[in-house]
Amino acid sequence: MERIVKANDREYNEKFQYALIPEISSLTWFTTIVPLVLVITMTAVKDATDDYFRHKSDNQVNNRQSEVLIDSKLQNEKWMNVKVGDIIKLENNQFVAADLLLLSSSEPHGLCYVETAELDGETNLKVRHALSVTSELGADINRLARFDGIVVCEAPNNKLDKFMGILSWKDSKHSLNNEKIILRGCILRNTSWCFGMVIFAGPDTKLMQNSGKTKFKRTSIDRLMNTLVLWIFGFLICLGIILAIGNSIWESQIGDQFRTFLFWNEGEKSSVFSGFLTFWSYIIILNTVVPISLYVSVEVIRLGHSYFINWDRKMYYSRKATPAEARTTTLNEELGQIEYIFSDKTGTLTQNIMTFKRCSINGRIYGEVPDDLDQKTEITQVWK
């Protein structure tokens, strides 16, 4: 293909888009941009995936159904649509949607039993009981629909073991405490049904008040890599500055001697400007010292580790056919660095299973008795 060049006519020559000499870049732009964009894209996709699964888990919670008393009828409503003042019906083994004032239950004297494992880690059941004046409402939908009690209580707070309030109903006032409240996160146990009035809902519940502000978690490897990369990038900047200063000195002392055949434009006859251009040129040339590919390698390794956790047969629960699930890939490397586990008691790490061993009723021992215990029992009876 032929080339046409016209002397002293830049406008004519530029329409052919001939290659020009760049002032700064000594390398093509995509040698730096493509790896950087690839790293940022992979990191963004991974973080977006983790956020998606968290969002999916939140939607599962928000879309749980509860029976709410609306227009004298029990209707299914999503948790996100539950309002303060609503009366909710709970059934056995059902999660509590909000902080409720217990009104009545299927048990005598308005008693009910709740499991507070999500709040304090304890699997033993806690007892809650309704006021005697409200426990008489029972399961009568009409009476519950006419219930117009007014509750004056403390503002939303994160204290799980304390509650203060007053219920005004039928020209009388009744004090309320923590024993009358069922908190969100509890599970109704050993109770067929119960009714409760919503006191706190959504972010005002004590469970959400204890959640606090979400913190961005970083692993020790992340912090180490970021520190190293910052030091390397700082070294690159210092190296570029040193070379730019050297170029400015060379241009001011020796470079002018070459201008008889290597011309500068009128506005560019400055050694400082030449050093400025040289600085960015060396930054582009030496940018390979920054280990961008290291982040890609670490992310791929983390992804592989998460799959190894999911595939681990020793972590597979056969009774419910439930494998292990690594919900985030950013904390996998920390698992192998755990040296100590501190706990307030063993109940949070083991199952609270009570097995019958033996008992003594009216002097008679029931259950399996060791031989040495039989001898002691016989000796005691002879002595008597």
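The values are calculated or read from the model by the stated rules, or taken from the named source; none is laboratory data. In this text the structure is predicted, and so the values were computed from the model without any measurement. Virtual Cβ from ideal backbone geometry, glycine too; neighbours counted across all protein chains shown. For the accessible areas, the whole protein counts, side chains as well, though only heavy atoms, and no ligand, DNA or RNA atoms are used. Shrake-Rupley method; radii C 1.70, N 1.55, O 1.52, S 1.80 Å.
Residue by residue, here is whether (1) within 16 Å of Leu101 (Cα to Cα); (2) of a type outside the set (Ser, Thr, Tyr); (3) part of a strand (DSSP E or B) holds:
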{"position": "Leu119", "(1), (2), (3)": "no, yes, no"}
{"position": "Val151", "(1), (2), (3)": "yes, yes, yes"}
{"position": "Glu179", "(1), (2), (3)": "yes, yes, no"}
{"position": "Arg184", "(1), (2), (3)": "yes, yes, no"}
Looking only at the range 1-55, and only at residues there that are part of a helix (DSSP H, G or I) and at pLDDT below 70, the one that is most open to solvent (accessible area, probe 1.4 Å): Phe30
Of the conditions (1) touching a helix residue (DSSP H, G or I) at 6+ places or on another chain (Cβ under 6 Å); (2) in a strand (DSSP E or B); (3) not polar (S, T, N, Q), Leu137 satisfies every one except a single condition; which number is it? (2)
If Phe200 satisfies all but one of (1) open to solvent by 50 Å² or more (accessible area, probe 1.4 Å); (2) in contact (Cβ under 8 Å) with a residue 60 or more places away in the chain; (3) aromatic (Phe, Trp, Tyr), what's the number of the condition it fails? (1)
Please specify each residue of the range 56-81 satisfying the condition of being part of a strand (DSSP E or B) and not small (Gly, Ala, Ser). Gln65, Glu67, Val68, Leu69, Ile70, Lys73, Leu74, Gln75, Asn76, Glu77, Lys78
Qualifying positions in the range 127-144 - open to solvent by less than 50 Å² (accessible area, probe 1.4 Å) and touching an Asp or Glu at 6+ places or on another chain (Cβ under 8 Å): Arg128
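For (1) touching a Ser or Thr at 6+ places or on another chain (Cβ under 6 Å); (2) of a type in the set (D, E, K, R); (3) open to solvent by 30 Å² or more (accessible area, probe 1.4 Å), each residue gets a yes or a no:
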| position | (1), (2), (3) |
| --- | --- |
| Tyr113 | yes, no, yes |
| Glu118 | no, yes, yes |
| Asn124 | no, no, yes |
| Lys159 | no, yes, yes |
| Leu167 | no, no, no |
| Asn190 | no, no, yes |
| Asn210 | no, no, yes |
Residue tally, condition at pLDDT below 85 and outside any loop (DSSP other than H, G, I, E, B), over the range 307-354: 7
Among the candidates Ile249, Ile242, Ile292, Ile237, single out the residue that is at pLDDT 80 or above and under 43 Å from the mean Cα position of the chain (by Cα). Ile237
